[in-house]
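One structure is given here, and the rest of the page talks about it.
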Amino acid sequence: MSYLAPSEFVTKMVDAGESKIFMSTRDTLIRAYMAGAILALAAWFAVTINVNTGQPLAGAILFPVGFCMLYLLGFDLLTGVFVLAPLAWLNKRPGCTLGGVLRNWGLVFAGNFAGAVTVAFMMAFVTTYGFTQAPDKVGAVIGNVGEARTLGYASHGAMGMITLFMRGMLCNWMVSTGVVGAMVSTTVSGKVIAMWMPIMLFFYMVFEHSVVNMFLFPAGLMLHAPFSVMDYLIWNEIPTALGNLVGGLSFTGLTLYATHVKTAPKRELRAVA
């Protein structure tokens, strides 16, 4: 059958987490770089659609094309390894240590950031004809996004920070569901459909994705948007990444792990009895 039951694909989640912990530094960085670059292109694509059509839903419907591409090619996003790598450690796979998990997270963060910033520079260059004029409509919108989602949160103080963190949680609840969605089917069409739904939801709801923001905010800074690097880090990237970690691991990784991997032997014993 093309569909895998939860007890089957959760084992694949643990296997994937183990493989990411043991992946070489070179391969991890390259795969993460490409994932960040492709997701940044998809974000640029979606903003362009929104600007040209005036319909945010159209951008949300088409944004998942980038996510599907990068996962079908085996590239890694920080939001995905936040969920998968710890499961191998929790499952006590040989050689899977907390240090290995943190190493993987650090390398994927660095690779994603480098890839996203590369595309941010290309976008800023293209929309200003090599920084010789003001940005076009798409560039201007991307610059405004960075201002609204840093200084906008800061204007609300502690409640703004909590709101930002919760939007990060909600984002990776959906994005990690998309990561798992790639494992529930053995066909390309089945994988794409399962990934598409939660990614469309998160993008339309304007939840905070740490890797998408690695593109949007540096691009805004390159286009001289009125916020600083510290605004970006303190009032978006760091809280967003922490929210992504908590949301993805809590709502997707640990719930599936606890209810399927840990209980599978008991179900088998009852069946035999």
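The residues listed here are 60, 46; of these, the one that is buried (at least 23 other Cβ atoms within 10 Å of the Cβ), among the hydrophobic types (A, V, I, L, M, F, W, C) and either modelled with pLDDT of 95 or more or within 19 Å of residue 116 (Cα to Cα) (or both) is 46. Against the test of being over 22 Å from residue 107 (Cβ atoms) and among the aromatic types (Phe, Trp, Tyr), the options 63, 22 yield a single qualifying residue, 63. Every condition in (1) open to solvent by 40 Å² or more (accessible area, probe 1.4 Å); (2) farther than 27 Å from residue 241 by Cβ; (3) among the hydroxyl-bearing types (Ser, Thr, Tyr) holds for residue 128 except the one numbered (1). Residue count for segment 111-132 under the criterion of being assigned to a loop (DSSP other than H, G, I, E, B) and within 25 Å of the chain's Cα centre (by Cα): the result is 0. Determine whether segment 21-29 contains at least one residue that is in contact with a Leu (Cβ under 8 Å, 6 or more places away or on another chain), crowded, with 21+ Cβ neighbours inside 10 Å and not hydroxyl-bearing (Ser, Thr, Tyr). Checked segment 21-29: no residue is in contact with a Leu (Cβ under 8 Å, 6 or more places away or on another chain), crowded, with 21+ Cβ neighbours inside 10 Å and not hydroxyl-bearing (Ser, Thr, Tyr). Determine whether residue 8 is under 26 Å from residue 92 (Cβ atoms) and either among the aliphatic types (A, V, I, L, M) or open to solvent by 60 Å² or more (accessible area, probe 1.4 Å) (or both). So residue 8 passes the test. For segment 69-96, a residue qualifies if it is within 22 Å of residue 250 (Cβ to Cβ) and either part of a loop (DSSP other than H, G, I, E, B) or of a type in the set (Gly, Ala, Ser) (or both), and the qualifying residues are 76, 77, 80, 85, 88, 91, 92, 93, 96.
Table: residues versus (1) open to solvent by less than 10 Å² (accessible area, probe 1.4 Å); (2) on the phi > 0 side of the Ramachandran plot; (3) among the aliphatic types (A, V, I, L, M); (4) out of contact with any Ser or Thr (no Cβ under 6 Å at 6 or more places or on another chain).
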site	(1), (2), (3), (4)
114	no, no, yes, yes
136	no, no, no, no
153	no, no, no, yes
182	no, no, yes, yes
192	no, no, yes, yes
195	yes, no, yes, yes
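Just checking, does segment 166-186 include any residue being over 30 Å from residue 11 (Cβ atoms) and in a helix (DSSP H, G or I)? Among the residues of segment 166-186, at least one is over 30 Å from residue 11 (Cβ atoms) and in a helix (DSSP H, G or I), which makes the answer yes. So which residues in segment 203-240 are surrounded by fewer than 23 Cβ atoms within 10 Å (Cβ to Cβ), more than 20 Å from residue 32 (Cβ to Cβ) and aliphatic (A, V, I, L, M)? Hits for segment 203-240 are 205, 206, 221, 222, 223, 229, 230, 234.
The values are calculated or read from the model by the stated rules, or taken from the named source; none is laboratory data. The structure displayed is predicted, hence computed values, not measured ones. Note that each Cβ is placed from the backbone with ideal geometry, even for glycine, and that neighbours are counted across all protein chains shown. Side chains included, ligands, DNA and RNA excluded: accessible areas come from the protein's heavy atoms. Shrake-Rupley method; radii C 1.70, N 1.55, O 1.52, S 1.80 Å.
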